[in-house]
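First the structure, in the form of structure tokens, and then the observations on it.
The values are calculated or read from the model by the stated rules, or taken from the named source; none is laboratory data. As the structure is a computational prediction, the values presented were derived from the model and not from experiment. Cβ placement follows ideal geometry from the backbone for every residue including glycine, while neighbour counts extend to all protein chains displayed. Accessible surface is based on the protein model in full, side chains and every heavy atom, while ligands, DNA and RNA are left aside. Shrake-Rupley method; radii C 1.70, N 1.55, O 1.52, S 1.80 Å.
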Amino acid sequence: MTTSVEVAVPRSVSDPVDVAHLRKVLDGPWAEVRDVHRDKLDDRFLPVYGESGDQARERISRLLTELPVELGMAASFPTEYGGRADVGASVVASEMLAQVDLSLMVKAGVQWGLFGGAVLALGTRRHHDAHLRDIVAGELLGCFAMTETGHGSDVQQLRTTCTYDPETQTFDLHTPHQAARKDYIGNAARDGRMAVVFAQLVTGGQRHGVHAWLVPIRDADGNPMPGVTIGDAGPKAGLLGVDNGRLSFDHVRVPRDMLLDRYGQVAADGTYASPIADDSRRFFTMLGTLVRGRVSVGGAAAAATKSALTIAVRYGDVRRQFGTPDADREVLLNDYLAHQRKLLPALATTYALHFAQAELVAVVHEVQGSDEPVDEHRQRELESRAAGLKAAQTWHATRTIQMCREACGGAGYLAENRLPSLKADTDVFTTFEGDNTVLLQLVAKGLLTGYKDEFGSLDGWGRASFVAEQVREMVLERTAARALIERLVSAVPGRGEEVAVTDRGWQLSVFEDREKHLLDGAVRRLRNGASTKRDRPFDIFNDVQDHVLTVASAHIDRVTLEAFVAGIEATSDPAVAALLSRVCDLYALSVIEAHKGWFLEHGRLTPARAKAITALVNSLLKELRPQMRTLVDGFAIPEAWLHCAILREEADRQEAMAAHDQFPTDR
Ligand SMILES: Cc1cc2nc3c(=O)[nH]c(=O)nc-3n(C[C@H](O)[C@H](O)[C@H](O)COP(=O)(O)OP(=O)(O)OC[C@H]3O[C@@H](n4cnc5c(N)ncnc54)[C@H](O)[C@@H]3O)c2cc1C
């Protein structure tokens with residue numbers, strides 16, 4: 001039976017692709033930083049499978065101090081303190097370290113990203129001069145102590161207090177009860193000597209919201225400082241090499257000058273001053289300066305995903321199961337459609353997110369690397385993009401690494417094949433540096449308020465009526481290539497059913513339309529709620545929360561596709577561009593296929609066109625099958641870093657079996 005639905009003949013990807021050219025495109029502007037890591041991080045830095053928690057902590061602590069200086073985890077610091085003033089390099093360094101050992105990457109991230117980053121961003125010259133050189137050199141190890149047992153997502157509600165006493169010119173840092181204990185804190189259980197501690201500032205009997213202090217927690221011999229209680233967070237699901245711990249403070253005296261006072265100062269007599277009057281707004285501005293941590297965690301999750309996919313694709317290229325009557329050898333796993341369905345759409349999403357991450361790194365590098373005051377709108381956009389991509393990349397990692405584990409069968413479950421540690425170590429990435437669900441609410445909030453100033457905690461979005469009134473037409477914030485996207489969208493030939501589903505402009509307009517429609521619907525529901533539940537602002541938002549989260553996901557899908565399209569446009573090698581273009585088709589059509597219920601419900605696709613998309617996805621899988629190996633080789637993960645026994649052994653095993661089958665013993 002023929003159908004009137006047009007399914008374009010896929011553009012060919014038959015030209016041979018030079019992997020070196022693909023790698024160059026993926027390595028991007030910080031290729032040198034990537035190469036230094038590939039060159040310097042030898043076998044010594046690889047994970048050790050099966051070690052105890054204590055062994056892992058000991059090893060990772062040692063390796064942290066042995067990381068070659070030229071790598072770049074501390075590259076973001078000013079040159080006068082031993083850094084390179086290169087923010088982008090430090091994010092890329094996290095991605096590279098994540099492919100070697102995730103515990104080492106997280107430990108380094110706590111030291112130079114969270115701890116050092118907070119001293120740099122929230123402190124002033126005297127803190128920098130006193131401590132940054134030692135922090136950059138790894139001689140002063142520290143913690144970032146924000147989360148409490150009672151509050152992790154809603155950190156504006158921290159219960160630790162820090163009360164100024166003008167008589168002694170010191171602060172009194174205190175943990176009032178068990179729920180105010182600092183919890184999960186990286187570097188606290190074993191190695192940290194100082195911590196950036198977040199607490200409620202009180203002076204002259206008045207609270208001024210959450211601020212941060214630099215507090216010694218251990219003396220030179222490693223013993224807790226007076227009044228500081230240090231505990232261990234205990235065994236964890238993964239990241240065995242990171243010493244997560246607990247901190248409590250019993251009226252600890254903290255000198256006045258240890259307040260990290262870039263955003264709020266306390267004079268000797270206790271007078272408080274800040275350039276930002278509103279407590280809530282000040283706190284979110286402080287958090288905004290720490291956005292790089294989120295960008296690094298998203299990038300590290302993506303890097304681990306690339307390792308898992310490389311292992312699964314390469315295993316699927318040598319592993320055989322089941323024969324066919326017309327062939328003398330059993331079938332390679334990668335030749336099964338079901339296997340391609342697992343691996344290739346995940347690979348396409350990984351590529352799409354790679355370009356979105358690259359764009360984000362360029363923005364964070366520009367915004368944080370500049371001495372100019374940051375435009376507030378741009379800063380909000382950066383925070384929203386960082387939150388959304390962190391959620392997308394870490395969820396994608398969790399799903400994809402599990403899928404790769406399954407794609408390698410029983411072998412995928414053995415520690416020696418790397419996948420179990422990739423899975424266990426990245427699991428918590430969906431939670432730390434901001435829980436993903438809470439981050440998506442941040443993204444949605446930005447969309448709903450059109451990036452208007454509306455700070456506040458996300459606990460039910462108390463000021464719902466305010467938001468509902470402020471909502472206006474969605475501002476289509478675009479990725480770097482605004483003009484290109486608009487050109488492609490406006491060049492869509494014809495309408496609806498007539499347009500080929502491989503038309504890039506059509507794909508872009510479909511993503512855009514879905515986001516807009518979902519946002520309009522959420523706005524309508526919020527307005528209705530605001531008119532009928534005026535006295536129950538919590539309910540107004542809570543009743544729409546699922547819808548609002550879907551808006552945020554659709555937004556991230558769109559900006560990811562736009563970044564991929566822009567990345568292809570910037571690719572000069574025609575064969576690489578053609579391959580990426582087909583991978584982009586697979587990404588776009590897989591997303592549409594995954595949401596086809598929505599598209600059908602809303603009359604955006606006819607049933608025939610929805611079926612045609614599924615058929616086209618299958619034909620794309622067939623077309624991209626010969627390129628699977630090229631696509632993972634483009635990630636350029638050094639062979640040793642994969643640290644995976646099946647990759648070394650399976651090909652030999654299959655060859656031996658084939659040789660044996662050709663010469664049966666009874667001949
Ligand atoms: C291994 C590890 C290392 C860490 N390292 C550090 C560190 O070095 N320093 C530091 O300060 N912290 C650290 N953390 C803490 C981490 O940042 C918090 O765990 C995280 O922010 C989540 O907070 P929570 O655990 O209190 O979860 P909760 O906030 O209690 O969230 C629990 C669940 O409730 C949901 N939820 C919460 N609020 C809402 C809402 N408004 N609407 C809908 N659902 C909601 C969340 O989606 C989640 O599913 C670490 C945590 C771990 C596990």
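Y81 meets all of the listed conditions (1) hydroxyl-bearing (S, T, Y); (2) closer than 25 Å to L239 by Cα; (3) out of contact with any Phe, Trp or Tyr (no Cβ under 8 Å at 6 or more places or on another chain); (4) open to solvent by 10 Å² or more (accessible area, probe 1.4 Å) but one, namely (2).
Applying the condition of being charged (D, E, K, R) and open to solvent by less than 30 Å² (accessible area, probe 1.4 Å) to region 175-190 and asking which residue is nearest to M105 (Cα to Cα) yields D183.
Evaluate region 611-621: report whether one residue or more is touching a Lys or Arg at 6+ places or on another chain (Cβ under 8 Å), charged (D, E, K, R) and surrounded by 14 or more Cβ atoms within 10 Å (Cβ to Cβ). The answer is no; no qualifying residue exists.
Checking each residue in region 552-583 for being β-branched (V, I, T) and open to solvent by 20 Å² or more (accessible area, probe 1.4 Å) picks out only I568. Residue-level check: of (1) under 29 Å from the mean Cα position of the chain (by Cα); (2) buried (at least 17 other Cβ atoms within 10 Å of the Cβ); (3) at pLDDT 95 or above; (4) more than 26 Å from L631 (Cα to Cα), V548 misses just (3). Tell me the residue from R418, R405 that is at pLDDT 85 or above and open to solvent by 40 Å² or more (accessible area, probe 1.4 Å), please. Result of the check over R418, R405: R405. Any idea which residue in region 193-217 is nearest to the ligand (Cβ to nearest atom), counting only those that are among the small types (G, A, S) and over 25 Å from the mean Cα position of the chain (by Cα)? So, considering only residues that are among the small types (G, A, S) and over 25 Å from the mean Cα position of the chain (by Cα), the one nearest to the ligand (Cβ to nearest atom) is A199. Is it the case that some residue within region 307-323 is closer than 19 Å to R294 by Cβ, in contact with a Ser or Thr (Cβ under 9 Å, 6 or more places away or on another chain), open to solvent by less than 10 Å² (accessible area, probe 1.4 Å) and assigned to a helix (DSSP H, G or I)? Checked against the condition, which is being closer than 19 Å to R294 by Cβ, in contact with a Ser or Thr (Cβ under 9 Å, 6 or more places away or on another chain), open to solvent by less than 10 Å² (accessible area, probe 1.4 Å) and assigned to a helix (DSSP H, G or I), region 307-323 yields no hits at all.
In summary, P235 fulfils each of the numbered conditions (1) more than 25 Å from L102 (Cβ to Cβ); (2) within 12 Å of the ligand (Cβ to nearest atom); (3) open to solvent by 50 Å² or more (accessible area, probe 1.4 Å) with the single exception of condition (1).
Does E366 satisfy being acidic (D, E), closer than 30 Å to P78 by Cβ, open to solvent by 30 Å² or more (accessible area, probe 1.4 Å) and touching an Asp or Glu at 6+ places or on another chain (Cβ under 9 Å)? No; evaluated as a whole, the condition is false for this residue. D257 satisfies every condition listed in (1) surrounded by fewer than 22 Cβ atoms within 10 Å (Cβ to Cβ); (2) of a type outside the set (F, W, Y); (3) closer than 30 Å to S103 by Cα except (3).
Condition check ((1) surrounded by 22 or more Cβ atoms within 10 Å (Cβ to Cβ); (2) at pLDDT 95 or above) across all residues:
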residue: K24; (1), (2): no, yes
residue: V33; (1), (2): yes, yes
residue: L64; (1), (2): no, yes
residue: E70; (1), (2): no, no
residue: F77; (1), (2): yes, yes
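Within region 410-419, can one find any residue that is within 16 Å of the ligand (Cβ to nearest atom), more than 20 Å from H339 (Cα to Cα), of a type in the set (A, V, I, L, M) and in contact with a helix residue (DSSP H, G or I) (Cβ under 9 Å, 6 or more places away or on another chain)?
Taking region 410-419 as the starting set, the residues that turn out to be within 16 Å of the ligand (Cβ to nearest atom) are none.
No, because not a single residue in region 410-419 is within 16 Å of the ligand (Cβ to nearest atom), more than 20 Å from H339 (Cα to Cα), of a type in the set (A, V, I, L, M) and in contact with a helix residue (DSSP H, G or I) (Cβ under 9 Å, 6 or more places away or on another chain).
Taking region 556-667 and the helices (runs of 4 or more DSSP H) fully enclosed by it, the elements with 1 or more residues that are without any contact (Cβ under 8 Å) to a residue 40 or more places away in the chain are at 574-594, 596-601, 607-624, 639-642, 645-662.
Within region 238-274, being assigned to a strand (DSSP E or B) and within 16 Å of the ligand (Cβ to nearest atom) holds for G245, R246, L247, S248, F249. Considering region 121-164, the residues that are within 14 Å of the ligand (Cβ to nearest atom) and of a type in the set (S, T, N, Q) include one that is least open to solvent (accessible area, probe 1.4 Å), namely T160.
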